[in-house]
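Take a look at the structure below.
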Amino acid sequence: MTPATPASDLPDRHLPVQPPGVPKVAVFSAQSYDRPFLDAANAKGICRLRYFDSALDADTVGLAAGHEVACIFVNDRADAGVLRSLAAGGTRLLALRCTGFNNVALAAARAHGVRVVRVSTYSPYSVAEHTAALLLSLVRRIPRAWYRTRDGNFTLDGLLGFDLHGRTVAVVGTGRIGIAFARIMRGFGCELLGHDSSENPEFEALGGRYGGLDELLAQADVVSLHCPLTPQTQYLIDARRLATCKPGLILLNTSRGGLVDTAAVIEALKSERLGGVAIDVYEQEADLFYRDWSSRIVPDDLFERLLSFHNVVVTGHQAFFTHEAMTTISRTTIDSIGQFARGERLSEELVID
Ligand code: NAD
């Protein structure tokens, strides 16, 4: 994937044809909790929102026909074929209600004349705080203790944790979320190690020290992933790296599932090389998350094996899900659609060179 460039660098040929009137927006993966936030952000009637429960993919793309804008979330698929169909149906803007854009074929979007906007920043605290919650849940065995106390069992066997104070935490990707997480960990009295392709002086000001990923994994007690999923970061955590990490390492992933080779993680849990895993994202989550599987058989043996470990905590891609974040995501999305409708510069546009 070629890195995105700021909208200000756009050549003139990317400027849109003025769309007529109020744009129609096909909102995919629209959950009941999304709608009030988007409706509130659109109180002035900037666009006409039409909600679809379905995720965007090759089978559902026809729903967007006649809508100038398609609005999607993390597990919708905007690959080359879907973008071709969107363009054929008259869609000229793809509005992502998220930060990550690994699910969008940006080159195909450009080829088909579909502009792409995202929400580059909302609340980094939402994800950073959820990561901290996962870490505490895991190391202090909170889910296990809660099941036990609800059942009237107040014994402590199997609940032994460890102090975070004085432990070494490695942050991979020290951008907006990574730095917010680093700050929280600093507050706990942890030593900070960092790895990033572009170093952040704020991380060093917190007392953090940058290093290579292999070096970090060999020293850290906890590693937390906060870099985007790109071809370069796919399976950043693989069998080779897990074989050389510090024994007992705690792995946290609230970024994207594809950063981690799940099969290798399962082997490292079985051999006890990994001391625990807490994740909010999973590489095959698109078919599972945001749906209720509780009365059906989950058709993913790898995921079920992961859930079977006592030292694994999983949430279903909810780290962003706070009132503050949902409000900002919705406002930014509607603002972008308004800019598009008025033919203005799209301040949240993603383009490739
Ligand atoms: P950001 O752009 O502010 O920070 C990302 C950091 O990763 C940057 O500092 C960048 O230099 C670094 N990076 C890029 N490539 C790297 C590489 N190969 N190795 C190491 N570092 C690399 O982004 P952010 O707002 O902090 O978000 C980070 C990620 O969090 C997003 O890409 C998204 O995947 C994920 N996210 C998850 C949720 C959730 O609900 N679970 C919500 C929002 C974002």
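The values are calculated or read from the model by the stated rules, or taken from the named source; none is laboratory data. Computed from a predicted model, the values in this text were never measured in an experiment. We place every Cβ from the backbone using ideal geometry, glycine too, and count neighbours over all the protein chains shown. For accessibility, only protein heavy atoms count, side chains too; no ligands or nucleic acids. Shrake-Rupley method; radii C 1.70, N 1.55, O 1.52, S 1.80 Å.
The trypsin sites (Lys or Arg not before Pro) of region 270-329 that meet both conditions, a loop assignment by DSSP and at most 15 other Cβ atoms within 10 Å of the site Cβ, are Arg291, Arg296.
Relative contact order, whole percent, for region 124-314 stands at 18, derived from Cα pairs under 8 Å and 6 or more residues apart.
Which of the GluC sites (Glu not before Pro) across region 222-292 are loop residues per DSSP, with 16 or fewer other Cβ within 10 Å? Sites meeting the loop and neighbour criteria: Glu272. Here the gap between Ser295 and Ser54, fully extended at 0.36 nm per residue and compared with their Cα-Cα distance, gives a gain of 84.8 nm. Of the GluC sites (Glu not before Pro) in region 122-227, the ones in a loop by DSSP (not H, G, I, E or B) with at most 13 other beta carbons within 10 Å are Glu199. Pairs of Cα atoms nearer than 8 Å and 6+ residues apart set the relative contact order; for the chain it is 21 percent.
For the peptides 254-260, 59-65, the ranking by mean Cβ contacts within 10 Å, running from highest to lowest, is 254-260, 59-65.
The simple spin-label model puts a point 7 Å past each Cα toward its Cβ; for Ser120 and Phe309 those points are separated by 3.6 nm.
Using the Cβ-Cβ distance between Gln234 and Arg342 with R0 = 51 Å, the FRET efficiency computed as 1/(1 + (r/R0)^6) comes to roughly 0.85. Principal axis extents of the Cα atoms in region 124-314, from largest to smallest and rounded to whole angstrom, are 48, 38, 32.
Summing +1 for each Lys or Arg and -1 for each Asp or Glu, what net charge is found among the other residues whose Cβ lies under 11 Å from the Cβ of Pro124?
With Lys, Arg at +1 and Asp, Glu at -1, the neighbours total 0.
Restricting to the chain, compute how many DSSP beta bridges are antiparallel as a %, nearest 5.
10
Principal-axis analysis of the Cα atoms of the chain puts helix 124-139 at an angle of about 30° to the longest axis. Here the 3J(HN,Hα) profile of region 83-91, calculated from phi with Karplus coefficients 6.51, -1.76 and 1.60 at θ = phi - 60°, is 5, 4, 5, 4, 4, 4, x, x, 7 Hz, Gly and Pro shown as x.
Set the Förster radius R0 to 25 Å, insert the Cβ-Cβ distance between Ala40 and Leu302 as r into 1/(1 + (r/R0)^6), and round the FRET efficiency to 0.05. Once the sixth-power term is evaluated, E becomes 0.05.
In this structure, Glu215 and Arg84 have a Cβ-Cβ separation that, at R0 = 45 Å, corresponds to a calculated FRET efficiency of about 0.50.
Residues Ser120, Ser308 ordered from highest to lowest accessible area at a 1.4 Å probe: Ser308, Ser120. Three semi-axes describe the equivalent ellipsoid of the chain; taken as square roots of 5 times the Cα gyration tensor eigenvalues and ordered largest first, they are 38, 23, 19 Å.
Sorted on the mean count of surrounding Cβ atoms within 10 Å across their residues, most packed first, peptides 318-330, 31-43 read 318-330, 31-43. For a straight C-alpha distance cut-off of 14 angstrom, the aspartates and glutamates reachable from Lys44 (same-chain residues fewer than eight places away being disregarded) are Asp335.
Local charge sum around Thr155 (other residues, Cβ-Cβ under 15 Å, Lys/Arg +1, Asp/Glu -1)? Could you put the intermediate results ahead of the total?
Values: positive: Arg141, Arg144, Arg148, Arg150; negative: Asp151, Asp157.
Spelling it out: positives minus negatives among the neighbours equals +2.
Taking every DSSP helix (H) stretch of at least 4 residues in the chain, weighting each as -39,500 (n - 2.57) and dividing the sum by the residue count yields a mean residue ellipticity at 222 nm of -9000 deg cm²/dmol.
Using the Karplus relation 6.51 cos²θ - 1.76 cosθ + 1.60 with θ = phi - 60°, the per-residue 3J(HN,Hα) values for region 185-190 come to 5, 4, x, 7, x, 8 Hz, with x marking Gly and Pro. When the Cα positions of Phe162, Pro228, Leu251 are compared along the charge dipole of region 124-314, Phe162 comes out farthest toward the positive end, with charges on each C-beta of Lys, Arg, Asp and Glu.
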